[in-house]
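Take a look at the structure set out below.
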Amino acid sequence: STVLASAREGFEAGSVSDALKSVMGSDSHDSGDITISAPELAENGAVVPITVESSLTGVTDIAILAAANNNPLTSSYKLGEGTKAYVATRIKMGDSSDIVAVLKANGQLYSSSREVKVTIGGCGG
Amino acid sequence: MSSIRVRAQLSDGVTNVRALISHPMETGQRTDSGGNTIPAHYITEVKAKVRDREILTANWGPSISRNPYLSFQFEGASSGDTLELSWVDNNGDSDSTQVQIR
Amino acid sequence: LPASARLGAAGKNPSDPYELPARGNVSILHFTDCHGQLLPVYFREPHINLGVAEMKGRPPHLVGKALLERYGIDHPGLLSHAYTYLDYVKLAEHYGRVGGFAHLATLVKKVRDQRPGALLLDGGDTWGGGSGTGLWTHAQDMVDAQLKLGVDIMTGHWEFTFGADRVREIVENDFAGHIEFLAQNVVDVDWGDRIFKPYTIREMNGVNVAVIGQSFPYTPIANPRHMVAEWSFGIRHGEMQDTVNNARADGAEVVILLSHNGMDVDIKLAQVVDGIDAIMGGHTHDAVPAPLEIKGPEGGTCLVTNGGSNGKFLGVLDLDFRDGRIRDYQYRLLPVFANLIEPDPDMARYIEQVRDQEVTYDGQTFNMKDALSEELAVSEDLLYRRGNFNGTFDQLICDALMEQVDAQIAFSPGFRWGTTVLPGMPITFEHVMDQTGLTYPAVTRNEMSGAMIKEILEDVADNLYNKDPFYQQGGDMVRVGGLQYSIDPTRSIGERIGDMELNGKPIAPNESYVVAGWASVQEQPAGNTGRKIWDVVADYLRDHETVSISELNEPKLRGVEGNPGVSSV
Ligand SMILES: [Mn+2]
Ligand SMILES: [Mn+2]
């Protein structure tokens with residue numbers, strides 16, 4: 001279906017903005033009351049745990065993007081009635097990057113971001 | 001055995017779901033020791049339902065980690081309700097499992 | 001939190017440094033980062049410990065005179081020697097060695113006798129690195145010493161480099177019923193469930209005291225992840241707030257955090273988490289004479305301390321808890337001077353017996369005491385490690401690496417442990433193990449591009465000088481041999497390192513250089529030479545017989561004029 005095709009397009013997008021246009025229909029957003037929980041330093045770039053949470057009501061969509069990845073969109077979520085604005089998953093990151101979470105609530109987009117550093121490691125005290 | 005391990009726990013009216021799925025989540029960017037590209041092979045969609053109620057649909061790309069993890073929370077279920085979790089990957093393979101909310 | 005006795009008489013050099021009458025009804029004894037040093041040692045404090053951004057000039061980023069001024073400590077004296085590097089050799093010869101578990105045991109007994117019910121907390125980095133006997137007995141030497149000393153509660157960092165199975169074995173067997181190993185921030189990688197108990201509540205003179213454990217958040221990054229492959233760490237400050245709330249809901253009236261975060265991380269944690277009364281901190285090895293009083297998000301005060309390293313100090317925190325709150329406190333970071341304290345005979349006997357033992361390691365059977373006492377060479381100079389950049393012992397290790405494996409450049413990790421050798425002293429194999437003893441000792445030799453070398457230096461520098469302490473790892477800068485560079489700690493990643501040169505020639509990004517190193521965190525280190533770091537250093541010393549450090553390869557510092565965290569020697 002065309003809906004599915006457009007939902008998949010976001011994963012091919014090379015920028016946060018293009019990915020958001022594709023998956024959320026727009027890339028304009030306000031900063032919102034969104035909490036991203038993620039390690040400051042990734043233990044393993046191949047498995048970076050990310051939790052997105054919000055107290056906003058009427059949230060229907062959540063997208064999680066790693067801005068520095070070649071294709072920033074990692075995943076998007078459609079929430080049913082009564083589903084909380086809370087999603088946790090684990091993503092791959094090639095390099096240090098801002099993690100961007102975008103929520104759609106009552107048709108309006110909100111976003112927040114947080115830096116996760118991927119370090120070479122070693123040399124610790 | 002199912003590729004999905006899932007725990008669904010009810011507390012104060014909120015069901016907390018945590019799921020682990022066995023899947024390679026190949027990006028299509030990696031090469032094997034012989035220099036051949038390992039084909040992309042990743043889950044594209046995960047769906048959670050309670051009876052006919054759609055709780056969550058996850059659209060995933062190849063940058064979700066190998067053996068993926070997914071957690072979400074919802075209201076309005078009762079202890080003993082059945083949660084169904086299913087996935088489809090880019091090859092058209094799929095799996096599903098059911099768990100009782102405790 | 002009104003504190004009538006902040007530093008009190010601590011700044012003056014007391015006639016009896018160990019005369020410390022108890023105050024209040026809740027007492028916490030704390031030592032941390034002893035790094036397996038059972039016997040008294042020399043340990044020189046740093047002359048460079050730079051803080052950037054809001055950390056500039058804030059404890060622990062004060063060295064030498066700046067530190068003494070801040071705390072009103074006279075120099076020269078017992079305390080100025082304990083807390084700074086000033087006139088180090090002269091004062092070390094005068095005051096003698098520090099630490100040692102037999103001396104610590106006597107001090108703990110004395111302080112405890114005046115404080116019924118006091119808890120003894122061990123902040124971790126107890127089993128190593130930096131100890132031959134620890135390595136060869138798989139930490140059994142320290143585990144039995146901790147039990148003898150009467151440790152009540154511990155958390156960890158280098159403990160994890162003995163592997164998850166060994167940690168579990170000790171916690172579930174040796175420690176069962178005696179020592180609680182706490183960590184709110186260690187979870188299994190699959191489900192995120194906690195591996196260790198997050199907190200414990202102990203009743204002390206009618207007061208319910210919670211102790212929360214926080215292990216080193218970056219263990220799987222700074223040390224080999226494969227040793228704890230099923231465990232995930234992290235600061236987890238959200239979970240820390242939940243843990244504090246749970247402890248309070250469980251009836252805790254006083255909440256103490258036993259932390260291995262490092263001091264800057266602890267200060268930020270105290271700013272963002274409500275309800276912690278005091279943090280007994282370690283990892284960054286900062287000998288800070290008095291607590292910082294940090295305001296929490298809800299306006300409460302948290303006392304943030306850091307307890308030094310290598311067995312040099314015993315922290316004593318007395319709290320007067322009455323009518324639902326802390327009315328007053330007293331804190332001392334007591335230096336453990338071996339010449340001023342009678343060794344505890346029972347502990348002394350134990351240490352002698354545990355060292356004089358045959359072990360088998362890596363296919364060889366030997367007596368540990370015999371091996372450790374081998375005199376390899378004589379040092380003409382003072383050999384030390386601690387400080388943001390190369391210490392003289394690091395220089396020796398880099399020189400040994402370059403010569404022994406024929407490399408142009410050497411990298412040696414910025415560990416904060418490693419004891420000090422006075423000029424004229426024989427360098428024993430024990431000194432070498434103090435600097436190199438760990439469970440992943442492979443020496444590597446690799447070709448690296450100039451660009452990659454720059455990337456490594458930038459990466460490590462950012463782990464040391466990131467403006468946000470939650471992004472810091474708490475190690476010092478990687479030590480370098482051959483290569484010279486400049487660093488501006490106040491800049492951002494990618495912009496700190498400059499002027500990279502080898503033998504007077506600029507390092508070219510596309511050119512290839514032979515780089516020796518050790519302590520790779522990879523399970524199969526690239527370029528593994530098959531040699532172990534202590535053998536490389538020992539062979540070098542045997543070859544040279546006497547060593548002098550003619551030139552200490554410290555980088556050119558930029559952007560730190562007037563920073564009290566640096567002092568030239
Ligand atoms: Mn340490
Ligand atoms: Mn440590």
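The values are calculated or read from the model by the stated rules, or taken from the named source; none is laboratory data. Small disclaimer: the values here were computed from a predicted structure and weren't measured. Methodologically, a virtual Cβ is constructed for each residue, glycine included, from the backbone with ideal geometry; neighbour enumeration extends over all protein chains shown. Each accessible area value is taken on the protein alone, full model and side chains, heavy atoms only, with ligands, DNA and RNA left out. Shrake-Rupley method; radii C 1.70, N 1.55, O 1.52, S 1.80 Å.
Observations on the model:
- By DSSP, the beta bridges lying fully in chain C are antiparallel in about 65 percent of cases.
- Rg/Rg_ref, the stretch C:85-125, where Rg_ref = 2.2 N^0.38 Å and atoms are Cα: 1.60
- Sequence-distant residues sharing a close amide H with C:G124 (under 5 Å, placed H): C:D33, C:T155
- Note on the stretch C:189-257 and the stretch C:265-295: Cα centroid distance 15 Å, given to the nearest whole angstrom.
- Surface/4 estimate of mean projected area, convex hull on alpha-carbon atoms of the stretch C:402-557, nm²: 10.0 nm²
- For chain B, average projected area of the Cα convex hull in nm²: 6.9 nm²
- Taking the centroid of alpha carbons for each part, the stretch C:67-91 and the stretch C:32-50 are 15 Å apart.
- Hydrodynamic radius (Kirkwood) for the protein assembly as shown, which is based on Cα pairs only, to one decimal in Å: 27.9 Å
- The dipole here belongs to chain C: it is taken about the Cα centre, uses +1 on the Cβ of Lys and Arg and -1 on the Cβ of Asp and Glu, and is about 1400 debye.
- Taking θ as phi - 60° and the Karplus parameters 6.51, -1.76 and 1.60, the scalar couplings of the stretch C:345-362 work out to x, 5, 5, 4, 4, 4, 5, 4, 5, 6, 6, 8, 9, 7, 9, 10, 9, 6 Hz in sequence order, x denoting glycine and proline.
- Overall Cα dimensions of the stretch C:291-356, principal axis frame, Å, largest first: 54, 24, 21
- Cα-only radius of gyration and Dmax that characterise the stretch C:368-453, units Å: 13.9, 45
- Most positive-pole-ward Cα, C:H226, C:M240, C:F196, against dipole of the stretch C:150-245 from beta carbon charges: C:M240
- Over the stretch C:31-120, all Cα pairs binned in 10 Å intervals from 0 give whole-percent P(r) values of 15, 34, 36, 15, 0, listed from short to long.
- The three principal axes of the Cα atoms in the stretch C:334-383 give end-to-end lengths of 42, 36, 15 Å, sorted in falling order.
- Alpha-carbon gyration tensor eigenvalues x 5, square-rooted, for the stretch C:501-549, Å: 25, 21, 8
- The contact between chain A and chain B removes approximately 2100 Å² from the accessible area (both sides summed; 1.4 Å probe; ligands, DNA and RNA excluded).
- Computed magnitude of the charge dipole of the stretch C:116-249 (debye, nearest 20; Cβ of K, R +1, Cβ of D, E -1): 280 debye
- Distant alpha-carbon pairs in chain C (separation over 37 angstrom), percent: 27 percent
- Look at the stretch A:71-77: the mean tally of other chain Cβ atoms within 10 Å of its residues' Cβ atoms is 6.
- Radius 10 Å from Cβ of C:E45, net charge of other residues (Lys, Arg +1; Asp, Glu -1): +2
- Cα-projected label distance for C:Q522 with C:M425, points at 7 Å along beta-carbon direction, nm: 3.6 nm
- Positive-end extreme of charge dipole, the stretch C:29-129 - chosen from C:A66, C:L29, C:G96 (charges on Cβ): C:L29
- The stretch C:363-416 - Rg (one decimal) and Dmax (whole number), Cα, Å: 14.0, 38
- Number of partner chain Cβ atoms within 10 Å, mean per residue of C:104-111: 0
- Among B:S22, B:S33, B:S78, the largest mean-square fluctuation in a Gaussian network model of chain B (Cα springs under 10 Å) belongs to B:S33.
- Simple rule: put +1 on each Lys or Arg Cβ and -1 on each Asp or Glu Cβ in chain C, find the dipole, and look at C:G437, C:Q146, C:G206; the Cα lying farthest toward the positive end is C:G206.
- Once the C-beta distance of C:K505 and C:K65 is scaled by a Förster radius of 45 Å, the resulting FRET efficiency is 0.75 to the nearest 0.05.
- Euclidean distance of C-alpha centroids, the stretch C:550-569 and the stretch C:307-351, integer Å: 33 Å
- Relative contact order of the stretch C:415-569, taken over Cα pairs closer than 8 Å and 6 or more residues apart, is 33 percent.
- Distance histogram in 5 Å bins (all Cα pairs of the stretch C:95-212, percent per bin): 2, 10, 18, 22, 19, 14, 8, 4, 1, 0, 0
- Highest to lowest packing among C:182-191, C:163-172, scored as the average C-beta count within 10 Å: C:182-191, C:163-172
- Each DSSP beta bridge with both residues in chain A is either parallel or antiparallel, and the antiparallel ones are about 90%.
- Rounded to whole Å, sorted largest first: equivalent-ellipsoid semi-axes of the stretch C:475-569, Cα gyration tensor: 28, 20, 15
- When peptides C:320-329, C:461-470 are ranked by their average number of other Cβ atoms within 10 Å per residue, the highest-first order is C:461-470, C:320-329.
- Mean Cβ neighbour count within 10 Å, used as a protection proxy, ranking C:130-139, C:337-346, C:354-363 highest first: C:130-139, C:337-346, C:354-363
- Too-long pairs where the Cα-Cα distance tops 31 Å, listed order kept, from C:K110/C:K532; A:K21/C:K268; A:K21/B:K49; C:K312/C:K369; C:K295/C:K556: C:K110/C:K532; A:K21/C:K268; C:K295/C:K556
- Label-to-label distance, B:E84 versus C:A176, with points set 7 angstrom from Cα along the beta-carbon direction: 4.7 nm.
- Each 5 Å bin, from zero up to the one with the longest distance, holds this percent of the alpha carbon pairs of the stretch C:200-297: 3, 12, 22, 22, 19, 13, 7, 2, 0.
- The dipole here belongs to the protein assembly as shown: it is taken about the Cα centre, uses +1 on the Cβ of Lys and Arg and -1 on the Cβ of Asp and Glu, and is about 1300 debye.
- Take every Cα pair under 8 Å whose residues are at least 6 apart in sequence, average their separation, divide by the length of chain C, and the relative contact order is 19 percent.
- Label positions at C:N367 and B:T31, each projected 7 Å from the Cα along the C-beta direction, are separated by 5.8 nm.
- Working note: Karplus 6.51/-1.76/1.60 with θ = phi - 60° gives the stretch C:434-439 the couplings 4, 8, 10, x, 7, 8 Hz, where Gly and Pro are set to x.
- Whole-Å semi-axes of the ellipsoid equivalent to the stretch A:14-98 (Cα gyration tensor, √5λ, descending): 21, 17, 11
- Relative to the dominant Cα principal axis of chain C, helix C:237-249 is inclined by about 20°.
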